[in-house]
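A.B. asks: Could you have a look at this structure, given as structure tokens, before my questions?
The values are calculated or read from the model by the stated rules, or taken from the named source; none is laboratory data. These numbers come from a predicted model, not from an experiment. Neighbour counts run over all protein chains shown; Cβ positions are idealised from the backbone, glycine included. Heads up: the accessible areas ignore ligands, DNA and RNA and are worked out on the full protein's heavy atoms, side chains in. Shrake-Rupley method; radii C 1.70, N 1.55, O 1.52, S 1.80 Å.
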Amino acid sequence: MKWSESTWLQIEERYQSILTMPFILELSDGSLPKEKFQFYMAQDSLYLEHFGRALSLIAARAHHIDDTLEYMRYAETAIVVENALHEFYFEDFGLTERGKMQPVCHHYVHYLKSTAALDPVEVGMAALLPCFWIYKKVGDHIYNNLQSDNNPYQKWIDTYGGEEFAEAVQKAIDICDKVANETTPAIREKMTEAFITASIMEYHFWEAAYDLKMWI
């Protein structure tokens with residue numbers, strides 16, 4: 001069994017709990033309150049900037065030049081392409097600025113950047129993978145099973161349920177499997193721990209948006 005397959009099994013229950021979160025259910029049928037989506041978009045825009053920086057760190061540290069090129073492309077996508085999507089949403093949903101980074105986003109991006117910079121590069125790759133993979137699977141789930149007519153959030157659903165994103169996600173999974181196969185058992189175990197931790201943060205990111213969690 002590949003590293004990615006065995007590791008996903010360890011977060012399958014967490015993934016299933018994401019699918020039944022109020023944020024995801026209401027996003028899928030278009031009933032999510034506007035202020036919760038505004039909070040999500042502002043925090044996600046801040047997150048993507050720092051996610052792109054973490055991806056750039058991995059690009060610089062990757063052992064294989066082909067992997068460097070892939071992570072450079074991922075970083076560009078995170079910072080440029082997805083921020084353009086958020087600018088569209090900012091206009092449509094009445095946001096004028098991103099505002100302040102709130103606790104869960106702050107925790108998540110600092111975990112990713114410190115892991116990408118200070119841990120073995122394989123562990124950094126594993127920590128960044130859930131953002132790709134869980135978003136893709138959630139997008140597919142909504143796209144295939146829970147679509148509604150005239151959903152105001154359809155553009156988000158289409159983006160994460162598209163083929164171009166699917167190809168990028170599969171490449172990221174394949175790279176992680178390759179480096180897991182090449183590294184030591186100890187580092188492979190740390191890869192799994194990092195993947196699980198980041199998966200938990202994915203859950204709490206959506207939870208924070210629904211609950212509008214801010215600094216006290």
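A.B. asks: Please state which one of S148, S199 is touching a Lys or Arg at 6+ places or on another chain (Cβ under 9 Å) and hydroxyl-bearing (S, T, Y). Explain how you work it out, then say what you get.
C.D. replies: Values: S148 fails: touching a Lys or Arg at 6+ places or on another chain (Cβ under 9 Å).
After applying the criteria, what remains is S199.
A.B. asks: Of the residues I200, I196, I157, only one is in contact with a helix residue (DSSP H, G or I) (Cβ under 7 Å, 6 or more places away or on another chain), among the hydrophobic types (A, V, I, L, M, F, W, C) and more than 24 Å from K2 (Cβ to Cβ); which?
C.D. replies: Of I200, I196, I157, the one residue that is in contact with a helix residue (DSSP H, G or I) (Cβ under 7 Å, 6 or more places away or on another chain), among the hydrophobic types (A, V, I, L, M, F, W, C) and more than 24 Å from K2 (Cβ to Cβ) is I157.
A.B. asks: Taking region 104-124 on its own, how many of its residues are open to solvent by 40 Å² or more (accessible area, probe 1.4 Å) and in a helix (DSSP H, G or I)? Walk me through it before giving the result.
C.D. replies: From region 104-124, those open to solvent by 40 Å² or more (accessible area, probe 1.4 Å) are 106-107, 110-111, 113-114, 117-120; that's our starting set.
Remaining after also requiring in a helix (DSSP H, G or I): 106-107, 110-111, 113-114, 117-118.
Number satisfying all stated conditions: 8.
A.B. asks: A further question on this structure: Of the numbered conditions (1) aliphatic (A, V, I, L, M); (2) in contact (Cβ under 8 Å) with a residue 12 or more places away in the chain; (3) farther than 20 Å from E12 by Cβ, L118 fails exactly one; give the number of that condition.
C.D. replies: Single failed check for L118: (2).
A.B. asks: Given (1) among the charged types (D, E, K, R); (2) under 24 Å from A208 (Cβ atoms); (3) open to solvent by 50 Å² or more (accessible area, probe 1.4 Å), identify the lone condition not met by K136.
C.D. replies: Failing condition for K136: (3).
A.B. asks: So, one more: Quick check on region 82-122: of everything there that is under 16 Å from the mean Cα position of the chain (by Cα) and aliphatic (A, V, I, L, M), which residue is modelled with the lowest pLDDT?
C.D. replies: Checking each candidate, the answer is L85.
A.B. asks: Shifting gears a bit: Select from region 32-81 the residues that are within 16 Å of the chain's Cα centre (by Cα) and open to solvent by 30 Å² or more (accessible area, probe 1.4 Å) and list them in ascending order.
C.D. replies: Listed by number, the residues that qualify are E49, H50, R53, S56, R73, E76, T77, I79, V80, V81.
A.B. asks: Consider region 10-30. How many of its residues are open to solvent by less than 10 Å² (accessible area, probe 1.4 Å) and either free of Cβ contacts under 8 Å to residues at least 12 places away in the same chain or of a type in the set (S, T, Y) (or both)?
C.D. replies: Result for region 10-30: 1.
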